[in-house]
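The structure under discussion appears below in the form of structure tokens.
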Amino acid sequence: MDLLITGAAGLVGRAMRRELRPWFPRMRLLDVAPVSDPAPGDEVMQGSIADLSVVSAAMRGVRGVLHLAGCTTEAPIEAQVEGNVVGAWNVFEAARIAGVERVVFASSHHVVGYYPRRRRIGTEVLLRPDSRYGLTKAFGEGAGALFADKHGLRVLCVRIGFAGDAPVDRRRLSIWVSWRDLAQLVRIGLEHPSLRYAVVYGASDNARGFFDNRVAFDLGYTPKDRAEDYAAAVLAATEPEPEDEVGTIVMGGHFANLDHQGDPRRVLEW
Ligand SMILES: NC(=O)c1ccc[n+]([C@@H]2O[C@H](COP(=O)([O-])OP(=O)(O)OC[C@H]3O[C@@H](n4cnc5c(N)ncnc54)[C@H](O)[C@@H]3O)[C@@H](O)[C@H]2O)c1
């Protein structure tokens, strides 16, 4: 098998199967939900990444892993831990046991979602998770570093902004990544000869971008798509966002609003 994709039934999983097929024709698709539309030759496995024996079985004989599965909403902490802590650990651990060297981990910009939009940040900044989701995604980045240093895995963490066909609102003009640009980053993670461990932003060429993606550029990333091509339509269709709640002040948007207590502008003080 050329590639194991966890979370293959999800939004990103379906798109990455399509985009990566020319380079990774034989895929094993793992998801706790049914995978309804495998390509001929794909191997489908239904099971949870929270179960190490399931992930170990999925890992057998693969060249690399695209790890997408996990909790993707602001669910209670127990669900975050199951999907994004235990699950991420199991993926790295199963890769180590099976001798699978390459793991691309789908992280999220929500690990730094409390940074004010007026900043432009690289991946070396302190974490400012905007949610339980962002916090547990940060665990996956840390686990990747641990397995790279301790066990020699080669790991790329991609802090996806908003993956989709097009940026759909003003905030997403700053964080959008097209499917083909995201696939290019995944290929860098699976193929770059000198990659050991790196964290990059999953973002296209966005003129209004929040992120300094120089780590990705140093690895040869050349985004093909520009959010600005959609800007006129997005700006015409949406109202400017008043800075009256924290989600319109910081990069993470709605996730920052959830459960936020006190003065929204407090987060501008550091
Ligand atoms: N879509 C985006 O714009 C975006 C942005 C930032 C980060 N991400 C990350 O990219 C990844 C994919 O996101 P998505 O939008 O496709 O999400 P999604 O919710 O559509 O897909 C996630 C998939 O993982 C599966 N899954 C959940 N828990 C599982 C478990 N315990 N075992 C096995 N499978 C499990 C789900 O059934 C689902 O098919 C996620 O890790 C997400 O955090 C996505």
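Taking every DSSP beta bridge that has both ends in the chain, the antiparallel portion is near 5%. Per residue, the chain reaches -9000 deg cm²/dmol at 222 nm when only DSSP H runs of four or more residues are counted, each adding -39500 (n - 2.57). Against the compact-protein benchmark of 2.2 N^0.38 Å, the Cα-based radius of gyration of the chain scales to 0.98. Here the 3J(HN,Hα) profile of segment 257-270, calculated from phi with Karplus coefficients 6.51, -1.76 and 1.60 at θ = phi - 60°, is 5, 4, 6, 5, 10, x, 4, x, 7, 3, 6, 7, 7, 8 Hz, Gly and Pro shown as x. Once backbone amide H atoms are built at 1.01 Å from N, Val44 has Leu29 as its partners under 5 Å, excluding neighbours fewer than 5 places away on the same chain.
Applying the Karplus relation 6.51 cos²θ - 1.76 cosθ + 1.60 with θ = phi - 60° to segment 42-55 yields 3J(HN,Hα) values of 5, 9, 9, 10, 9, x, 9, 5, 6, 10, 4, 5, 5, 5 Hz, where x marks Gly and Pro.
Loop-located trypsin sites (Lys or Arg not before Pro) in segment 49-110 (DSSP state other than H, G, I, E, B) with a sparse environment of at most 15 neighbouring Cβ atoms within 10 Å: Arg60, Arg63.
For the chain, a simple Cβ point-charge model (Lys and Arg +1, Asp and Glu -1, everything else neutral) yields a dipole of about 760 debye relative to the Cα centre. Direction-averaged projected area, Cα convex hull, segment 35-148: 8.3 nm², rounded to one decimal. Here the Karplus curve 6.51 cos²θ - 1.76 cosθ + 1.60, taken at θ = phi - 60°, turns the phi angles of segment 155-165 into couplings of 10, 10, 9, 10, 7, 5, x, 10, 8, x, 5 Hz, with x standing for Gly and Pro. If one takes the longest principal axis of the Cα atoms in the chain, at what angle in degrees, from 0 to 90 and to the nearest 10, does the Cα axis of helix 87-98 lie? The two axes meet at around 30 degrees.
In loop segments of segment 168-270 as defined by DSSP, the trypsin sites (Lys or Arg not before Pro) with at most 11 further C-beta atoms inside 10 Å of their C-beta are Lys224.
Coordinate-derived values only; no laboratory data. Please read these numbers as outputs of a predicted model, since none were measured by experiment. Backbone-built Cβ (ideal geometry, glycine too); neighbour counts: all protein chains shown.
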